[in-house]
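Every number here is computed from the coordinates shown, using simple stated rules; none is lab data. As the structure is a computational prediction, the values presented were derived from the model and not from experiment. All Cβ positions, glycine included, derive from the backbone under ideal geometry; neighbour counts span all protein chains shown.
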Ligand SMILES: Cc1cc2nc3c(=O)[nH]c(=O)nc-3n(C[C@H](O)[C@H](O)[C@H](O)COP(=O)(O)OP(=O)(O)OC[C@H]3O[C@@H](n4cnc5c(N)ncnc54)[C@H](O)[C@@H]3O)c2cc1C
Ligand code: FES
Ligand code: FES
């Protein structure tokens with residue numbers, strides 16, 4: 001039974017906002033602000049935020065398209081309070097457990113309603129960015145979320161904000177033009193008073209200003225990282241809610257999304273500590289990786305979409321054990337180690353490459369979770385990294401084959417090498433023979449061609465929906481060449497390789 005309490009902000013509250021009782025996690029009253037209303041519900045946390053929004057809160061502007069995170073029709077914003085300020089991110093509500101809304105400010109398309117059209121809606125109309133209108137709420141929310149961000153660097157960034165939204169009928173150029181109008185407008189924003197500016201310029205309703213104080217006043221306690229045995233860990237839900245959405249409401253679950261006890265990514269000495277619950281967005285924007293590897297951000301543009309990256313976690317990618325997991329391929333090539341913890345406090349460190357035993361079979365005890373991922377990165381050595389991925393379409397698609405490489409070099413010599421490949425075996429593959437072959441070699445065309453022979457000997461692709469085995473072997477070869485062509489353009493040239 002649903003104990004849904006909605007208190008209109010301007011209306012009379014039935015229970016004071018500060019008087020909300022919290023129960024233990026599995027029976028907790030999930031509490032959050034939905035647009036301008038406080039929600040308190042005893043609904044199962046395993047149901048989707050989308051179903052809650054549409055069928056409990058009766059807000060039907062949020063649409064159901066694919067229920068698989070692909071179309072963006074269900075996009076909403078989730079605002080997290082940090083030191084008195086709210087940070088908004090878009091997410092796909094169809095894959096988000098209701099429990100993950102706990103303590104957040106959730107904004108649906110209705111939350112952007114003004115007496116007339118808001119600035120984003122106006123831009124969509126001006127550019128004929130809508131036809132049947134089914135996708136439009138998702139686009140409006142994504143662009144509204146972009147407006148709510150701290151910085152608005154470029155038109156490309158505005159267009160990136162809608163990379164998780166699909167439209168079947170309008171044509172993307174009109175919608176991109178609308179995004180550019182929004183961008184032009186945001187470039188005038190008064191950075192000293194951003195929220196007031198957005199209100200004054202008809203991006204958002206005035207009640208947005210009060211949300212940080214209202215969320216703070218709710219005094220929602222941080223739920224500790226749950227350590228209850230026999231329960232299924234759910235991070236962002238972007239794999240689980242695609243794979244078994246119907247089974248989840250009946251399972252005992254540990255909701256671990258956002259329960260970070262440390263910064264998502266931090267450097268300790270020469271080691272980068274990535275929290276298991278860090279999101280792909282955290283990793284994409286981590287200064288330590290951006291400084292070390294110039295194309296880091298571009299690699300992550302190839303991983304899912306903005307709203308999926310905002311919720312999909314690093315540990316989720318590793319434990320899902322998809323042979324084509326992109327973050328997995330990158331971390332294998334970075335020679336990462338994982339820190340596994342248990343409820344009784346025991347912990348162990350395992351090289352990631354030893355984690356995968358067979359298809360979806362892991363070196364992981366029941367109840368063990370990935371707390372952290374460690375990557376060594378010495379600033380004084382010349383470490384190079386590159387990632388390649390081929391899919392049926394460039395963006396928002398999973399790989400046919402992916403591969404990553406990291407190399408430590410001294411002059412023309414390869415001191416250390418780690419290569420991974422996905423889509424060429426039942427598990428995400430650390431290419432041990434290829435990596436060992438490369439070490440100690442001088443960078444030259446002949447060496448790359450020989451390494452390809454070694455690589456071909458340790459991959460075992462099969463034919464499936466993403467391509468024939470022969471095609472995947474060809475991709476593995478070409479993408480491996482791509483590593484060297486990109487990292488050593490002076491020494492390795494395409495003409496010589498082919
Ligand atoms: C539309 C769409 C596009 C996608 N595109 C890509 C893509 O381009 N590349 C790519 O690699 N992936 C892609 N994915 C897959 C997915 O987004 C990633 O694998 C993501 O990182 C999963 O993280 P999550 O937190 O959502 O996992 P969840 O679904 O929450 O969990 C996945 C698995 O990990 C377990 N788990 C989660 N956290 C922990 C932990 N800390 N310790 C132990 N076990 C844990 C869960 O029990 C479950 O078995 C896509 C998914 C969707 C829906
Ligand atoms: S309904 Fe398509 S992404 Fe959620
Ligand atoms: S306007 Fe019809 S799907 Fe986009």
Check: Expressed as an acute angle from 0 to 90° and rounded to the nearest 10, what is the orientation of the C-alpha long axis of helix 136-147 relative to the principal long axis of the chain?
Finding: 80
Checklist line | Kirkwood hydrodynamic radius over Cα pairs of region 302-427, then Stokes diffusion coefficient at 4 °C and 1.567 mPa s, in µm²/s | finding: 83
Check: So for 251, 148, fewest C-beta neighbours within 10 Å to most, what's the order?
Finding: 251, 148
Next item on the list: Mind sorting 76, 375, 288 by how few other Cβ atoms lie within 10 Å of their own Cβ, fewest first?
Entry: 288, 375, 76
Notebook entry, point to check: Is region 260-497 rounded, prolate or oblate when judged by the Cα gyration tensor, a ≥ b ≥ c being the square roots of its eigenvalues, rounded requiring a/c under 1.5 and prolate requiring a/b larger than b/c?
Noted result: prolate
Checklist line | Separation between Cα centres of region 308-328 and region 90-149, rounded to whole Å | finding: 26
Check: Points 7 angstrom from Cα along the Cβ direction at residue 117 and residue 358: gap in nanometres?
Finding: 6.0
Check: Kirkwood hydrodynamic radius of region 291-369 from all distinct Cα pairs, in Å?
Finding: 13.9
Margin query: Taking the beta-carbon count within 10 Å as an exposure proxy, list 150, 326, 210 from fewest neighbours to most.
Written below: 150, 210, 326
Check: Between residue 192 and residue 259, what is the label-to-label distance in nm when each label sits 7 Å out along the Cα-to-Cβ direction?
Finding: 4.4
Check: What is the diffusion coefficient of the chain in µm²/s, taking the Kirkwood radius over Cα pairs and the Stokes-Einstein relation at 25 °C with a viscosity of 0.890 mPa s?
Finding: 102
Checklist line | Cβ-derived FRET efficiency at R0 30 Å, residue 151 paired with residue 397, nearest 0.05 | finding: 0.60
